[in-house]
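The values are calculated or read from the model by the stated rules, or taken from the named source; none is laboratory data. From a predicted model like this one, the values you see are computed outputs, not experimental measurements. Counting neighbours? That spans all protein chains shown, and the Cβs are built from the backbone with ideal geometry, glycine included.
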Amino acid sequence: MFDMFIRQIKKIRGLWLLSAWFFSSVINAQNSLQTGVSFYKVNPETETIRMYWRQDDGTPYQTLGRLIDAKGKSHQINMAINGGIYDKEYRPEGLYIENGKTLRELNTKSGEGNFYIRPGGVFSIGNGQAKIETLEAFGAIPDITFAVQSGPMLLQHGKINTKFSQTSESRKIRNAVGLTAKGDIYFLLSRQPMNFYEFAHYAAEQLNITELLYLDGTISGMYTPSGGVPSQRYPFVTMITVERK
């Protein structure tokens with residue numbers, strides 16, 4: 001009788017935990033819809049971050065769907081998102097490191113477009129640690145496993161880039177990667193058009209992000225198992241995944 005009682009308690013506890021997880025997910029989804037921003041927080045204990053550009057035969061993946069189809073059987077992908085800005089030849093505009101190999105060099109040139117708004121930055125993974133650094137502060141390439149350069153930095157030390165205006169009418173779909181002072185890693189995607197100031201303000205106020213690097217805009221998309229593969233009108237070049245270890 002006692003064993004049956006214990007089993008019932010465990011069953012009730014399991015159902016309670018499942019319900020709590022479900023309602024928490026629903027609340028997060030509702031908050032995402034209300035704010036117009038979806039985000040994914042990485043769990044470093046159970047998840048790892050990887051980056052992809054080309055397949056083994058040298059052809060680019062180009063779509064999240066193709067990447068999921070190619071890697072989904074051998075890798076449990078919990079989130080995938082497009083990476084940094086690319087050039088007219090569909091190559092990363094700046095630094096790109098994959099599996100410790102530098103495939104594109106650091107780009108410190110001047111130019112037009114979001115990529116060249118300063119300060120620019122680099123998101124990197126090395127020795128199990130994620131970093132977001134400005135181009136001026138970036139270094140130690142030999143220790144890096146994955147890295148992508150993009151720009152501009154939307155938040156630096158918790159402060160919004162002074163080049164952004166709260167009243168800017170340049171509102172687009174945008175995605176970014178952010179770090180908190182505690183080292184939490186977030187990937188963000190706006191579900192409605194936002195200007196840079198609004199996007200950065202949300203990250204700082206709602207998620208306590210202190211370093212936020214813009215990845216791309218307009219064409220951006222995010223995959224999660226619950227949300228499915230988003231439709232794409234244009235190809236992606238680099239893509240970032242969060243995978244189960």
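The sole residue among Gly158, Gly183 that is under 17 Å from the mean Cα position of the chain (by Cα) and touching a residue at least 12 places away in the same chain (Cβ under 8 Å) is Gly183.
Among Glu112, Glu133, Glu169, which is part of a loop (DSSP other than H, G, I, E, B) and under 18 Å from Ile85 (Cα atoms)? Give the derivation first.
Numbers: Glu133 fails: part of a loop (DSSP other than H, G, I, E, B); Glu169 fails: under 18 Å from Ile85 (Cα atoms).
After applying the criteria, what remains is Glu112.
Of all the residues that make up segment 209-225, how many are surrounded by 16 or more Cβ atoms within 10 Å (Cβ to Cβ), part of a loop (DSSP other than H, G, I, E, B) and among the polar types (S, T, N, Q)? Break it down into steps so the answer makes sense when it comes.
We begin by selecting, within segment 209-225, every residue surrounded by 16 or more Cβ atoms within 10 Å (Cβ to Cβ); these are 209-217, 220-224.
Checking the rest, the ones that are also part of a loop (DSSP other than H, G, I, E, B) come to 220-221.
Next, only the ones that are among the polar types (S, T, N, Q) stay: 220.
Matching residues across segment 209-225 total 1.
Only one entry of Gln192, Gln166, Gln149 meets the criterion of being touching a helix residue (DSSP H, G or I) at 6+ places or on another chain (Cβ under 6 Å) and of a type in the set (S, T, N, Q), and that entry is Gln166. The requirement of being aromatic (Phe, Trp, Tyr), in the same structural domain as Leu106 (by TED's automatic domain parsing) and surrounded by 18 or more Cβ atoms within 10 Å (Cβ to Cβ) is fulfilled somewhere in segment 230-241, by at least one residue. Is it true that Arg104 is buried (at least 18 other Cβ atoms within 10 Å of the Cβ) and among the basic types (Lys, Arg)? Answer is yes for this residue.
For the condition of a type in the set (A, V, I, L, M) and in a loop (DSSP other than H, G, I, E, B), Ala147 does not qualify.
Please state which one of Tyr52, Tyr40, Tyr86 is assigned by TED's automatic domain parsing to the domain that holds Tyr202, surrounded by 14 or more Cβ atoms within 10 Å (Cβ to Cβ), at pLDDT 50 or above and in contact with a Lys or Arg (Cβ under 9 Å, 6 or more places away or on another chain).
On the way: Tyr40 fails: in contact with a Lys or Arg (Cβ under 9 Å, 6 or more places away or on another chain); Tyr86 fails: in contact with a Lys or Arg (Cβ under 9 Å, 6 or more places away or on another chain).
That would be Tyr52, the only listed residue that is assigned by TED's automatic domain parsing to the domain that holds Tyr202, surrounded by 14 or more Cβ atoms within 10 Å (Cβ to Cβ), at pLDDT 50 or above and in contact with a Lys or Arg (Cβ under 9 Å, 6 or more places away or on another chain).
Pairs meeting the criteria (first residue in segment 73-98 and in contact (Cβ under 8 Å) with a residue 60 or more places away in the chain, second residue in a loop (DSSP other than H, G, I, E, B) and polar (S, T, N, Q), beta carbons under 7 Å, at least 6 apart or on different chains) are Asn82/Ser220; Gly83/Thr238; Gly84/Thr238; Pro92/Thr238; Tyr96/Thr238.
Let's see how each residue does on (1) acidic (Asp, Glu); (2) surrounded by 18 or more Cβ atoms within 10 Å (Cβ to Cβ):
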{"residue": "Pro60", "(1), (2)": "no, yes"}
{"residue": "Ala70", "(1), (2)": "no, no"}
{"residue": "Ala80", "(1), (2)": "no, yes"}
{"residue": "Ile97", "(1), (2)": "no, yes"}
{"residue": "Gly100", "(1), (2)": "no, no"}
{"residue": "Gly128", "(1), (2)": "no, no"}
{"residue": "Leu135", "(1), (2)": "no, yes"}
{"residue": "Asp143", "(1), (2)": "yes, no"}
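Only a single criterion out of (1) at pLDDT 95 or above; (2) farther than 25 Å from Asn208 by Cβ; (3) part of a loop (DSSP other than H, G, I, E, B) is not satisfied by Arg66, namely (3).
Within the bounds of segment 175-188, is there any residue that is at pLDDT below 95, of a type outside the set (Val, Ile, Thr) and part of a loop (DSSP other than H, G, I, E, B)?
First pass over segment 175-188, keeping only residues at pLDDT below 95: none.
No; the residues of segment 175-188 include none that is at pLDDT below 95, of a type outside the set (Val, Ile, Thr) and part of a loop (DSSP other than H, G, I, E, B).
All conditions in (1) of a type outside the set (A, V, I, L, M, F, W, C); (2) over 18 Å from Asp216 (Cα atoms); (3) within 17 Å of the chain's Cα centre (by Cα) hold for Lys109, with the sole exception of (3). Taken over segment 169-189, the criterion of being of a type in the set (Gly, Ala, Ser) and surrounded by fewer than 17 Cβ atoms within 10 Å (Cβ to Cβ) is satisfied by Ser170, Ala181, Gly183.
For segment 11-37, residues that are in a helix (DSSP H, G or I) and either under 23 Å from Arg233 (Cβ atoms) or at pLDDT 50 or above (or both) total 4.
Can you find even one residue in segment 190-208 that is of a type outside the set (S, T, N, Q), surrounded by fewer than 14 Cβ atoms within 10 Å (Cβ to Cβ) and assigned to a loop (DSSP other than H, G, I, E, B)? Yes: one or more hits.
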